[in-house]
1. If a residue counts only when it is open to solvent by 20 Å² or more (accessible area, probe 1.4 Å) and touching a Lys or Arg at 6+ places or on another chain (Cβ under 8 Å), which strands (runs of 3 or more DSSP E) contained entirely in region A:37-104 have at least 2 such residues?
2. What number goes with the only condition from (1) surrounded by 22 or more Cβ atoms within 10 Å (Cβ to Cβ); (2) touching a helix residue (DSSP H, G or I) at 6+ places or on another chain (Cβ under 7 Å) that B:Asn153 does not pass?
3. Is it the case that region B:320-341 has a residue that's within 14 Å of chain A (Cβ to nearest Cβ), more than 19 Å from B:Thr258 (Cβ to Cβ) and at pLDDT below 80?
4. Please count how many residues of region B:68-85 are of a type in the set (Gly, Ala, Ser), in contact (Cβ under 8 Å) with a residue 12 or more places away in the chain and out of contact with any helix residue (DSSP H, G or I) (no Cβ under 6 Å at 6 or more places or on another chain).
5. Are there any pairs, at least 6 apart or on different chains, whose C-beta atoms fall under 8 Å, with the first in region B:46-60 and surrounded by 14 or more Cβ atoms within 10 Å (Cβ to Cβ) and the second aliphatic (A, V, I, L, M), and if so, which?
6. Does A:Val94 qualify as being within 27 Å of B:Arg324 (Cβ to Cβ), more than 14 Å from chain B (Cβ to nearest Cβ) and of a type outside the set (Lys, Arg)?
7. Working only within region B:270-298, note down all residues that are of a type outside the set (D, E, K, R) and open to solvent by less than 20 Å² (accessible area, probe 1.4 Å).
8. Can you pull out the residues in region A:42-85 that are on the phi > 0 side of the Ramachandran plot and within 16 Å of the chain's Cα centre (by Cα)?
Amino acid sequence: MSRISAGEPAIRARPIMSLEGAPFPSGEWFDALVASACQSIEQERLGFSELRLAFQMTDEGGGARAFGVVFEGYDISSAGELSELSSFDPDAVVTGDLSAWREMFDNIVAHGRADGAHTFNALTIADAPLAITAADPLRRDRVFRFAETIQQLLDAASGTGGAAPVAAPRRTGA
Amino acid sequence: MATLGADLAYLERAKKGEFDLTWLNETRSEWGVRAKPSRVGLTLRDISIGSYGEVPDRAPLRTMAPRGSDVEAGVPDMGYTINEKSEVWSDNVLELYEEAVSRQWSATRDIPWTELPELPADIEHAMCQLSTVLSEVEMVAADFPAKWLWRINHDFVEAKMFLCTQVMDEARHTEVFRKRALAGGGGLGRARAVVEQFLKLILDAESYDEGSALMHLLGEGVVLSLFRAGELLAPSAVEKRIFRLCTQDEARHVAYGTMHLRYRLERDPSLAEDFHSYLDRGEELISVLFTTPEVVEPTAILAAGGVKQAEELALGAADILRVRMIEEYLQRCEHAGLDRRGRIRLPEALLEGVAHLSRGAGDQGAADHVA
């Protein structure tokens, strides 16, 4: 688990490229994403956040893997790969095919940030290709309360160098 | 009533060093209660300690004296009309106030205006018309809390403070959409009377209950969905950022409205029918938003990428957003303790595709897990 704080410059200065080559998806890759975000996001400008968000990815064989990110005050931390969602107690779970996640991160890496069709909101608003689920509407709405912070976290994938899934198989026909 | 005017005799005594010091020696206070800052600083939650954290269900006085202070007899009556905690409180209001203060943004500084691209004329027109409507409707969400703020007892100061953040948020929304309309060369579009009718219903609400249900839950719920749709349809990264930042603010207001209604109904379930009737009327009026060309057509044109494309695609994309908007509103009502699924007053044509509308037993679990 990587814990990164906006107030801890020694950790913030950790070179991201040390995680170059982390496979996607993996706990290490999300650690690198969070580390990149903590270097690029102006947390104190955006304001603090309180959100536990799980990213769930389903592969072609139907197998699902989930990864957790915790926004707490001005800190963002990666909870790595989750063995079970319930023990992480996410406010919301974002689910989708692995290919959709790959396409989103590929797009971010290619453009430096998500283009118009690949923002987090654009991909989730119609429940496809990604969907937000939550135990109740208030916890789901937390995702909207921190919309810009979440987008900037995801856009930080453009700074993860070789850790970003640029080499992953691309979805075709999208 | 305390005697007004300067106490010149006291001034003479003080000049000689004969201080009064009753404020030092006799004030009833919780000396030694020491609030400790949490990880983001000293929050309202951190200072909700001792008697200072006790918010009375009914305010004993109607003064501006800070709750927990030693109030002198004879303070004037400020004439507050909202003196019951449940009339304005929500269990998340302290958290939402802190979040609002922390997440303020500037429509001048935080939007990359210099990156605004030159757009095709029809897209620019559509964006400007949508901006006109949003600039128009957002200000009522400042006017309504401002109208009621002075009537709310000072013992519920945290709720008042949250409403102050909402006034600022909505001023900024009005500002940012006005700026967007003028920044691209298109200017402001048309303002329709039918839209203003719903705004008037909120502003003219006879009680805070009525206005809050209409605004926080219904109106802002719809606008929250509209902001999310705007982010999806935005023609450039500039508008996308505008819509995301506005989404954040609006979601806070909706979170307050939902939890306030829940707090209110938990303490007085007999009010449910009143709230139903407020929303009956509100839904009937807000349905015009779904049938007003100045709202529907810019959205369709932005979704399709132009007038010609929109005419071919009709309202396909808009239909998805309409269903989403209504479902999210119904889920929030249900979470607040008000089941509107069997009572919603939107026309049938607008409810097509919305799930769990019948009042059958099978719908009980509809809100157990939301999407």
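The values are calculated or read from the model by the stated rules, or taken from the named source; none is laboratory data. Note that the coordinates shown come from a computational prediction; the quantities given were computed from them, not determined experimentally. Methodologically, a virtual Cβ is constructed for each residue, glycine included, from the backbone with ideal geometry; neighbour enumeration extends over all protein chains shown. Areas reflect the complete protein model, heavy atoms only, side chains present, ligands, DNA and RNA absent. Shrake-Rupley method; radii C 1.70, N 1.55, O 1.52, S 1.80 Å.
1. The strands (runs of 3 or more DSSP E) meeting that bar are A:49-58, A:75-82.
2. Here B:Asn153 clears every test but (2).
3. Yes, some residue in region B:320-341 is within 14 Å of chain A (Cβ to nearest Cβ), more than 19 Å from B:Thr258 (Cβ to Cβ) and at pLDDT below 80.
4. 3
5. B:Asp46/B:Ala35; B:Ile47/B:Ala35; B:Ser48/B:Leu94; B:Ile49/B:Val33; B:Ile49/B:Ala35; B:Gly50/B:Val33; B:Tyr52/B:Val33; B:Gly53/B:Ile47
6. When the stated conditions are applied, A:Val94 does not pass them.
7. Residues satisfying the conditions are B:Phe275, B:Leu279, B:Gly282, B:Ile286, B:Ser287, B:Thr292, B:Val295, B:Pro298.
8. Within region A:42-85, the first condition is being on the phi > 0 side of the Ramachandran plot, and the residues that meet it are A:47, A:62, A:73, A:80.
Within region A:42-85, just A:Gly80 meets the criteria.
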